[in-house]
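A short write-up of the structure that comes next.
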Amino acid sequence: MAAKNKPFEAFGPYLLFKKLESDSLSELWRAGRIEGQHLAATAAVRKLTGGNREALTASAQAAQPIASQLTGTSFARDQHVGVINGIPYLAYDYANGRSLRHIVDRARGGNGATANPIPLDQAIVIAEKVALSLATTGDLRDGGGQRLSHGGLIPQFIWITDDGEIRVAGQLLGNGLVASLGDTKVGGELGRYFSPEYRHSGTPSKTSEVWSLGAILFLLVTGQEPPDAATASAFVAAVRAAKTMTGTPIPDDIRVILDKSLNLDPSMRYATIADMKTALSALAHGGKYSATTFNLAFYLSNLLKKEMEAETIERDKESKVNLAPYVEAPPQAAAAAPAAALSVPTFGLPQEQPKSKAPMLIVAAIVVIALGIGGWFMFGRKEQKPQAPAQLASATPAPAPQRVISEPVLASPTTATSTAVDPAAREKAFEDAVKAKMQAEMMKLQTQFTQQLKQEQSKNAPVNATPPAPQPVAPAPVAEDRTPSAAQLDQTRRETTPAPVTTTVAQTAPAPTATQAPAPVAPTPAAAVTTVREGDIVDVTQVDSIPRALRPIKPVYPPLAARQRVEGTVIVSALISEKGDVLDVRVLRGDGRFGLDDAAVRAMRGAKFAPAIKDGKRVRTWFPQTFQFKP
C-alpha cells in the first residue's frame, strides 16, 4: 500500500495516476512524467505485464532507439519504449485521448450504458489514418538499412484524441507480441489480429500488415472481434455473415476491402499496405462517406461525455500533487534526470557562460552612446534639426497593426544542445523582411483560425459569450487545413484534413462594437470591459500584455529531416492558460515532412509563459508562433 505522503505509485520517471484499461497483456495508466522538480505533460503509460516477459523485454529494448524518432503526425507523440524495474512499457503524450480498444468497448454499450455504434464514416477515417502510419513506417529503414514494419498492430496501440487525431504506437514490438500468443489468454484476445503465417513464422511481412489492418477495420465496422482463422471455410463464412454495429449488412464497397485484406491466402490480399491505403482513401473521399476528424471528435464528445467531465476534475487534482516525496527518492531522481535533460535543454545554458561577457559589454556601450546622444540633444544647438525627427520616430511606440506578437524561432540540428553563438547574426537573420513578412502571414493565419473557432463555437458549443464583431475577412482554406499525413520519405501521401476544433473562444468585444443597429451607445464598451474575468479567452490582439516565454523555446530538429537537409517553416497557435501553461497547440500552416510539424508542436507544448493580461486580469489567449527549420 502506498504511503500516505505518496498517494500514487512511482514507475521510473512516471507517477501512475489512474488505471484506465487492463487486459491479459497490459495495463494502461494515465500518468504524469517528472522532469527535474516539475510535473511535465500527462502521458499514457502501458505496462506490458503479461505475455512472454523475456520476448517483450527484448522487443522493447530493440525498439527503444527507434521509437523516439517516429515523429510523423500519424505516430503517437513523444513515444518512449523501454524497460523499468523489469517491466517492458511504452509511453506517449496523453493529449486527452483514448485507445481504440476503449472506444470500441464503450460504443458497444452494456452494463447499463446505451450502445452508440461507431459511424461507418468514422470507421473509414480511422482505418485510413492507421494505414498511413503503417505505410510510413514501411518507408523507413533502420541503421542496418532494413525496412521497418509495425509488426504488432492491435486496438490497444491505436490512440485517438478527443480532437479526433488518430495516432499509432507500439512499433517494432511485434516479435514480443507474437511470442506472447502462446499464452492462452493473450492468444485468445489478440491472436486474431495477426495473420496465420505470421503467427507460425514469427516474421512480419507486407501482407501480414494488411491482415492486421483488415482485422482493425472489421472491428470498427462490426464492433465484434475478427473471426478465428482456425478453418478456412468457417472463417470465410464468418466474415461474409458479419453485419455493422447497427445490425445492417456491410456495404459492398467496404466488404470488398475486408475480403481482400482478411484472406487466408497471402497472395490474394493487397500486395502492400500502401495499396490498401489507396483503396481506403478512395472510399473516404469518394463522396459517399463524409469522413472527417471533426466529425470523429464530435462523435467522441457524445460517446465519452461523462468520462471527459470527470477527467477534467481528476486531472486538475493530479496537476497539484506534491512532488517532493517522489523527487527526494534517489531512484526516481536518477530516472527523471535524463528525461529532463532531453525535454528541457535549458539546463545546458551554464555552458555558455564564458560567452556571456560580450553581450554585456555591447549593452554597456549602447547605454553610454545613448546617454551621450541624449546629452547632445539636450545641450546641443537647436539648429541641427535633421536628426530630431528620426529620434522621435524611434521613440514613438509602433502602431497597433504593427505590434509584434512573436518572432520566429530558428531550429537547426544543434538547437537541442546549444544556442546561437553570434547574437548579432541571429538578430540580422530575423530583421526586416523575415520579421515583417512572417509576422503578417502569422497574424493572418491566426485571425482566420480565430474566425473558425467562432464559427464552430456557434454551431457546437452553446455558451454565454459576447458575440464578436463580424470580420470582413473570409476564412482561407489554408488556416483550416492541417497536414495529418507527415509521411516521412514519401510526400505523395500528404493529405489535408480540417483541424478538429473543440475549444470555446470567449473574446472581449473591442470598443467600436455596437449592440444595437441604430447607433453605438457609450456605456456598452465599458460594460464589455468590466465583464472580463480571470481565465476568459481573449483574442491575442486585444490583450494589454501578450504572453512571454519564460525560457527560450528550443525545438529539436528531427534526425530524419537533418539527414535529408530538409528546410521548412511551421506556424502554430498555442492556447496559453491564465497560469502560463500550454493547454493546446494547433498547426496553422504545417510542412508535413519528416516530423517538422510534431517538432514544432512538441516545442510549444514544453514551453512555459507569463500569461496574457487584460484589464489587470490574467486571461487565456491563442498565441501564434513561427518555427523555421534549417539544416
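Here, each number is a calculation from the coordinates, and none is a lab measurement. Note that the structure is predicted; figures quoted are calculated from it, not measured. With ideal geometry, Cβ positions are generated from the backbone for all residues, glycine too; neighbour counts draw on all protein chains shown.
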Original post:
Listed highest first by mean packing, meaning other Cβ atoms within 10 Å per residue, what order do 157-164, 218-225, 441-448, 18-25 come in?
Top reply: 157-164, 218-225, 441-448, 18-25
Subject >> Dipole of the stretch 1-111 [Lys/Arg +1, Asp/Glu -1 at C-beta], most positive-end residue of LEU70, TYR89, ALA55 >> reply: TYR89
Original post:
Under 18 Å from the 7 Å Cα→Cβ point of LYS579, by amide nitrogen: which residues of the stretch 80-105?
Top reply: 94-96
Original post:
Roughly how many nanometres apart are two label points built 7 Å out from the Cα toward the Cβ at THR184 and ASN322?
Top reply: 4.8 nm
Original post:
VAL256 to GLU54: extension gain in nm, 0.36 nm per residue of separation minus the Cα-Cα distance?
Top reply: 68.8 nm
**OP:** Report, in debye and to the nearest 20, how large the dipole of the stretch 150-230 comes out about its Cα centre when Lys and Arg carry +1 and Asp and Glu carry -1 on their Cβ.
**Re:** 240 debye
Original post:
Which Cα, out of VAL585, PRO559, ALA574, lies furthest along the positive dipole direction of the stretch 542-598 (beta carbon charges, K/R +1, D/E -1)?
Top reply: PRO559
**OP:** Report the label-to-label distance for GLN69 and ARG108 in nanometres (one decimal), using points 7 Å from each Cα along the Cα→Cβ vector.
**Re:** 3.9 nm
Original post:
What residues from the stretch 83-123 fall in the zone where the backbone N is under 12 Å from a label point 7 Å along the Cα-to-C-beta line of GLU21?
Top reply: 97-106
Original post:
How much length is gained on full extension from ALA610 to ALA62, taking 0.36 nm per residue of separation minus their Cα-Cα distance?
Top reply: 193.2 nm
Subject >> Potential lengthening between ARG551 and GLU407 on full extension [0.36 nm per residue; Cα-Cα distance subtracted] >> reply: 50.4 nm
